[in-house]
Amino acid sequence: MNLVIDIGNTRIKAALFEGNKLHEFKFYPLVADILADSDFLKQAKHAIIGSVVAELQSFYEALNALVPTMVFTSQTKIPLLNLYQSASTLGSDRLAASVGAYYLHPNTNVLVIDAGTCIKYNFTNVRNEYLGGGISPGIQMKFKALQHFTSKLPLVEADFSYDQLIGTNTQSSLLSGVLNGSVAEIDGIITAYTSQFTDTICILTGGDSQYLAKRLKNSIFAHQNLVLKGLNDILNYTLENT
């Protein structure tokens, strides 16, 4: 059994995979809570950590004492050719999602859209080359920025049941602007990629993917746990090639 841990800016996700099959999935508020979950950890023979936050060393050392653990970095060998110019600054979640997409659709133009704290666009071409993509603020970040950088706008919680174009008061105007704007952004980016790269497959993942999948006009595949799947694929690839 593989233990796969994805440490994001907002949430910590962990999963157990048996081969390529997701066996168990959990959220944790703190990495210390993973270490305390002995019943979960004892099922794993190998582990991998992907993280977009710093200060990982002490957790890695503690976990590695319990389960042989690798940390996914820019130096980790993967089945894609990484052509990102600043590979050392590339978020592990971005590359892991693309690896997961590669195993689903090899030798294909694939655009992965990870809608979480940030909206991240990651493109791999038919030659299985990771080229890069884009990063923009996620839905929750947009609401927080509107409140933080103005003197009068309130902080509005995302209401994913809101479906109006015209906001008739300040709260609904913020909902309209952020939600409709995010959908329009993603649809526009998808159209730009599919216009430039023929036969591009689009995969949507991340915390806001369920809402966005219902609103996007372009054809997409939804995969809620693509980053975790990609990390598991990377761990299996490493074990098979060592």
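Distance between the pseudo-spin-label points of VAL52 and LYS152 (7 Å out from Cα toward the beta carbon): 3.4 nm.
Across the chain, Cα pairs under 8 Å and at least six residues apart give a relative contact order of 19 percent. Annotation: extensible slack from THR168 through ASP187 equals 4.4 nm (criterion: 0.36 nm per residue apart, minus Cα-Cα distance). Given a Förster radius of 22 Å and the C-beta distance between ALA145 and LEU35 as r, what FRET efficiency does 1/(1 + (r/R0)^6) yield to the nearest 0.05? According to the calculation, E is roughly 0.05. Per residue, the convex hull spanned by the Cα atoms of region 1-71 measures out at 80 cubic angstrom.
Taking R0 as 30 Å, what's the FRET efficiency between PHE221 and GLU61 from their Cβ-Cβ distance, rounded to 0.05? According to the calculation, E is roughly 0.20. To the nearest 10 degrees, how steep is helix 226-240 against the longest Cα principal axis of the chain, on a 0 to 90 scale? Around 20 degrees separate the two axes. With a sphere of radius 15 Å drawn around the Cβ of TYR121, what net charge do the other residues whose Cβ falls strictly inside it have (Lys, Arg +1; Asp, Glu -1)? Summing Lys/Arg as +1 and Asp/Glu as -1 gives -3.
So how do 65-72, 190-197 stack up, highest first, on mean other-Cβ count within 10 Å?
In descending order of packing, they fall as 65-72, 190-197.
Assuming charge only on the beta carbon of Lys and Arg (+1) and of Asp and Glu (-1), the dipole of region 71-215 about its Cα centre is about 240 debye to the nearest 20.
Distance between the 7 Å Cα→Cβ label points at ASN107 and SER136: 3.4 nm.
What's the longest bit of the chain with no exposed GluC sites (Glu not before Pro), using DSSP loop states and at most 15 other Cβ atoms within 10 Å as the test? In the chain, the maximal stretch lacking such sites is 56-156.
Each Lys and Arg adds +1 at its Cβ and each Asp and Glu adds -1 at its Cβ; summed about the Cα centre, the chain shows a dipole of about 260 debye. Taking a ≥ b ≥ c as the square roots of the eigenvalues of the Cα gyration tensor of the chain, is the shape rounded (a/c under 1.5), prolate (a/b larger than b/c) or oblate? It comes out oblate by the Cα gyration axes.
Ordering SER74, SER98, SER161, SER209 by the number of other Cβ atoms within 10 Å of each residue's own Cβ, fewest first, gives SER161, SER74, SER209, SER98. Inverting the pair-averaged 1/r between distinct Cα atoms of region 188-242 gives 13.1 Å as its Kirkwood hydrodynamic radius. Legend: ranking of residues ASP233, ASP199, ASP93 from fewest to most surrounding C-beta atoms inside 10 Å; resulting order ASP199, ASP233, ASP93. Extending each Cα 7 Å along its Cβ direction at MET1 and PHE25, get the distance between those two points in nm, one decimal. Going from the MET1 label point to the PHE25 one covers 1.7 nm. Taking only the alpha carbons of region 118-218, we obtain Rg and Dmax values of 15.4, 50 Å in that order. The gain in end-to-end length when the ASP159 to GLN43 segment is fully stretched comes to 37.9 nm, 0.36 nm per residue minus the alpha carbon separation. The residue list PHE143, ASN241, ALA184 was ranked by how far each Cα lies along the charge dipole of the chain toward its positive end, using unit charges on Cβ atoms, and ALA184 comes out on top.
Only the coordinates and a few stated rules stand behind these numbers; no lab work does. Predicted model only: the values in this text are computed from it and were never measured. Every residue, glycine among them, receives a Cβ derived from its backbone with ideal geometry; neighbour counts consider all protein chains shown.
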